[in-house]
Structure formats: structure tokens, C-alpha cells
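Heads up, the thing below is written out as C-alpha cells.
Derivation of every value follows stated rules applied to the coordinates shown; laboratory data play no part. Quick caveat, the model's predicted, so the values are computed rather than measured. Glycine gets a Cβ as well: all are built from the backbone with ideal geometry, and neighbour counts include every protein chain shown.
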Amino acid sequence: MKDTYYYLNFIMKVAGFTFIRNALKYDYPIVEAIKSILPICDEFVVAVGKSDDDTLELIRSIDKEKIKIIETVWDESLREGGKVLAVETDKAFNAVSSDVDWAFYIQGDEVVHEKYLDTIYSAMQKYKDDEKIDGLLFKYLHFYGSYDYIGDSYRWYRREIRVIKNNKNIYSYRDAQGFRKGNNLRLNIKLIDAYIYHYGWVKDPRAMQGKQESFNKLWHDNNWLKKNVDRSDEFDYSNIDSLKHFEETHPAVMSSRIKRKNWRFDYDISYNKISGKDFFKKIIEEFTGYRIGEYKNYKII
């Protein structure tokens, strides 16, 4: 596979990009995230924020040939809608080399299964010269509590843009969940049959609690935090509406992390707190593929 990508990269150039801070402190699978898409990338830009741990050394240890690090300082005064996350994303994207065709964005708690790399790369080749297409849209699996359960309700977003053309008129939108271009225009994208595995809600409960307290500071002031974020040593995973068992395999790069899991989380999947309204919406989606009221920060072409 690697030899094939190496040959094709003479025709098309791909860069990965991401941002990260305090990866060790809050147990982010950033190494796994980067390694999961590194085989199809010619370069990888990582914006490493000033951290309270050895995040910088961790990123330096991955791949000295492909990875380009830019050191940053987060402006935590940008609390409106988590804007600082978009600013950090843009720092990484703007550092992508000018001769790159596609930029593959992945966040520090997202991983791509190796079985999707051919599909992703083929879509990049297919639409590389199509001026009507700005990016590629991915499906999502959101893991919760442990590596055995995935979210099964409408609190989870089901799609997001993760590959964009190397067009510097494109920028990260709101809290870095999506992208827009020019004068606040939505991107024209193609939906592909590939998933992002989101592990942001699978951590040691102590690390998860710390992440919640730290992360909410990017949106809210101290008064809000005191009223809405529980003061606890561990995160309470039981407060969830609906989950289902994950029956497939995880990405190979996640195997060591999964083996190191040192906490227990069990959930009775027969029990859920989904409202009657959401249950009706779910039935409609299962039969038609259409999700009522879904927020779409893109235009599917």
C-alpha cells in the first residue's frame, strides 16, 4: 500500500494538519490520530500549543521526515463559541505547503481506520481537478465510556468535512468543527463512504473530568463553570441517553491504547432516555436516510 501511495504522490500531493495542547495531561490519542492518516500524506503540519506536559516532545517523536511542527500560544480570551480552536486550526492549515493539492484535517481525538485509506485517496484523485468541489465529507462513529459502545442518539453529529482543497480562502468555522470559504460561504463537498472514529468521550474518568473542566473554559467564564461543571475527581459516564454495542474492529493504531485501558464502563443498551420526538425522527432516518433538523455546514454536490 505504501509503495502505491508513494508512486501516486508524484501526481497528487496531500498534507495532514491538526492542532494539539496538553495531549498527555488529558490523554488525547493524538499519536494514533496522526499515524492513522500518515501513509497517504506527504507532509503533516501540527500546531502544538504551549503545554503543561511533554506534548511537544511527543509530537517530535512520531516522524521527523513528514511532520512539521509550529509552536503556538493559545489566546484563551477568545471564548465566543470556542473560537480559539478555529484560530489554532487555521495556523496549521496556513502552514501547509503551497504545492499541496489536498489538506486532510484530523483532530486530536479522531482516528481513521486503515480500511478507508484507499477510498479516501481515490476520492482525492477523482476530484482533485474538479473546481466545483471544495472538500470531502466523512461519516462519524462516536465512542462513549469505553471502546465497546457508540452513541446512538441525536446529541451526536453524524457527518463533518475533514478533507479540503489547499485553497487559503477556506478557513476553520466557529469552534473548528467545520470549514467555510470567502465571505462566509458553505463549502461544496462530496460525501464519501468513510468514517472518522471519534474517541473524545473515551478516557480514564479522571482525565475526562480534567478535560471537561479545561475545555469548557474555551467557551464560558468562571461563573458559568461554577454553575454547570461538576467538581469531582472523576467524570460520571452514566449520564447518557442511548448507546449501542460496537461490533466491528478498531483501527490498528489503536490496539495498544485499547489494551492499556484501566477503567470499567458497562451500559445496559436496552435502557435509553430518547424522547418520543427523537424516536420518530430516528425511524424516518432509518427508512429514508434523511435526518430531520440536521445542521449542515456544507453543500453536498
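At a glance:
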{"read-out": "Within the chain, helix-based [θ] at 222 nm, where runs of 4 or more DSSP H residues each add -39,500 (n - 2.57), nearest 500", "value": "-7500 deg cm²/dmol"}
{"read-out": "Fully extended contour minus Cα-Cα distance, from Ser98 to His245, at 0.36 nm per residue", "value": "48.6 nm"}
{"read-out": "Globularity index of the stretch 1-131, i.e. its alpha-carbon radius of gyration over 2.2 N^0.38 Å", "value": "1.08"}
{"read-out": "Proxy reagent accessibility, fewest Cβ within 10 Å first, across Trp219, Trp102, Trp201", "value": "Trp219, Trp201, Trp102"}
{"read-out": "Peptides ranked, highest mean first, by Cβ atoms within 10 Å: ranges 62-70, 260-268", "value": "62-70, 260-268"}
{"read-out": "Cβ-derived FRET efficiency at R0 45 Å, Leu78 paired with Asp204, nearest 0.05", "value": "0.95"}
{"read-out": "Extended-chain gain in nm, criterion 0.36 nm per residue less alpha-carbon gap, Asn183 and Glu71", "value": "37.4 nm"}
{"read-out": "Among Tyr28, Ser61, Leu243 - extreme Cα towards positive end, dipole of the chain, charges at beta-carbon", "value": "Leu243"}
{"read-out": "Inter-probe distance in nm under a simple model that places probes 7 Å from Cα toward Cβ, at Lys217 and Ser122", "value": "4.6"}
{"read-out": "Residues Leu137, Leu24, sorted so that the one with the fewest Cβ neighbours within 10 Å comes first", "value": "Leu24, Leu137"}
{"read-out": "Taking only Cα atoms of the chain, radius of gyration then Dmax in Å", "value": "19.2, 56"}
{"read-out": "Residue with peak Gaussian network fluctuation, the chain [Cα springs, cutoff 10 Å], from Tyr144, Tyr271, Tyr116", "value": "Tyr271"}
{"read-out": "Rg over Rh [alpha-carbon atoms, Kirkwood Rh] for the stretch 128-227", "value": "1.05"}
{"read-out": "Theoretical gain in end-to-end length, Ala252 to Lys227 [0.36 nm per residue, Cα-Cα removed]", "value": "4.9 nm"}
{"read-out": "Assigned charges on the beta-carbon of Lys, Arg, Asp, Glu; the chain dipole about Cα centre (debye)", "value": "660"}
{"read-out": "Loop-located GluC sites (Glu not before Pro) in the stretch 77-150, at most 13 other Cβ atoms within 10 Å (DSSP)", "value": "Glu131"}
{"read-out": "Whole-number percent relative contact order across the stretch 1-158, with pairs defined as alpha carbons under 8 Å at least 6 apart", "value": "28"}
{"read-out": "Listed residue (Asn184, Tyr144, Pro205) projecting farthest to the positive dipole end of the stretch 117-257, Cβ model", "value": "Asn184"}
{"read-out": "Max mean-square fluctuation residue, GNM over the chain, Cα-Cα springs under 10 Å, options Phe215, Phe179, Phe235", "value": "Phe215"}
{"read-out": "Intensity falloff of the stretch 78-152 expressed as log10 I(q)/I(0), Debye formula with alpha-carbon point scatterers, at q = 0.11 Å⁻¹", "value": "-0.43"}
{"read-out": "Over the chain, relative contact order from alpha-carbon pairs under 8 Å, at least 6 apart, %", "value": "20"}
